[in-house]
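One structure below.
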Amino acid sequence: MNTQEIADKHGALLLDLTKRSLADGLVNGKPPPVNLDSFPEELKAPGATFVTIEKAGKLRGCIGTLQAHRPLVLDLVENAYRAGFKDPRFPPLSGDEMGRISWSISILSEPERMLIRDEDDLLSQLVPGVDGLIIADNGRRATFLPQVWDQLPDAKTFLSHLKRKAGLPPDHWSPNFQAFRYRVVKVG
């Protein structure tokens, strides 16, 4: 089953699991236990997710996984908890915020390495609004989900901001620069 089919068939369940993970985080200080036997096979298969939390239309937490390495349902529950309580950019969620936040889930495709000659080649291959991008160089790495194109619609600006996120200068380029693209299906 592909990511779109998973989102279509199980989107409501995944959003509810996100809510449960946040609620358990408030009460117990950890994500809820997950009984894998109670979930359909497609949610027990390896999957990579990001959970984004917003409050009043502004980012309040976002944590995820780029590579599928555990069952999708476990990845989601852990990332939901971490987005609410472990994102280093924000304080942990408080109980009074729960009624004022919204969340969405991004189910990621497997990242594919891009074959690039230089920055212009990379920029020409990007599909704004569609591609998520991972960059890596000099021991640094960062990603932007495709949703970031909404705020940074120009490919050059998108890439320079992503370089800054990785701790690289906006004009950085080297022969070892790597880029990987992925797609997401958003739920919520």
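Can you tell me which residue among Leu93, Leu43, Leu115 is modelled with pLDDT of 95 or more, assigned to a helix (DSSP H, G or I) and not aromatic (Phe, Trp, Tyr)?
When all the criteria are applied, what remains is Leu43.
Let's see how each residue does on (1) surrounded by fewer than 14 Cβ atoms within 10 Å (Cβ to Cβ); (2) touching a residue at least 24 places away in the same chain (Cβ under 8 Å); (3) not assigned by TED's automatic domain parsing to the domain that holds Asp131:
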| site | (1), (2), (3) |
| --- | --- |
| Leu14 | no, yes, yes |
| Gly57 | yes, no, yes |
| Ala83 | no, yes, yes |
| Ser102 | yes, yes, yes |
Residue count, region 145-165, condition within 20 Å of Leu115 (Cβ to Cβ) and of a type in the set (A, V, I, L, M, F, W, C), comes to 4
Checked Gln147, Gln178 against criteria (polar (S, T, N, Q) and farther than 30 Å from Leu17 by Cβ); the one match is Gln178
Taking region 130-150 and keeping residues crowded, with 16+ Cβ neighbours inside 10 Å and assigned to a loop (DSSP other than H, G, I, E, B) leaves Asp131, Leu145
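On the given criteria, is Leu22 closer than 15 Å to Leu93 by Cβ, within 18 Å of the chain's Cα centre (by Cα) and not basic (Lys, Arg)?
So Leu22 fits the description; yes.
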Gln67 passes all but one of the listed conditions (1) over 30 Å from Ser174 (Cα atoms); (2) at pLDDT below 95; the exception is number (1)
* What do you reckon, is Val73 β-branched (Val, Ile, Thr), touching a residue at least 12 places away in the same chain (Cβ under 8 Å) and under 27 Å from Arg141 (Cα atoms)? -> yes
Within region 151-188, of all residues that are touching a Gly at 6+ places or on another chain (Cβ under 8 Å) and outside any strand (DSSP E or B), the one farthest from Leu14 (Cα to Cα) is Pro153
The lone condition Ala23 fails out of (1) under 25 Å from Glu110 (Cβ atoms); (2) surrounded by 14 or more Cβ atoms within 10 Å (Cβ to Cβ) is (1)
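The values are calculated or read from the model by the stated rules, or taken from the named source; none is laboratory data. A quick note: this is a predicted structure, and the numbers were derived from the prediction, not measured. Methodologically, a virtual Cβ is constructed for each residue, glycine included, from the backbone with ideal geometry; neighbour enumeration extends over all protein chains shown.
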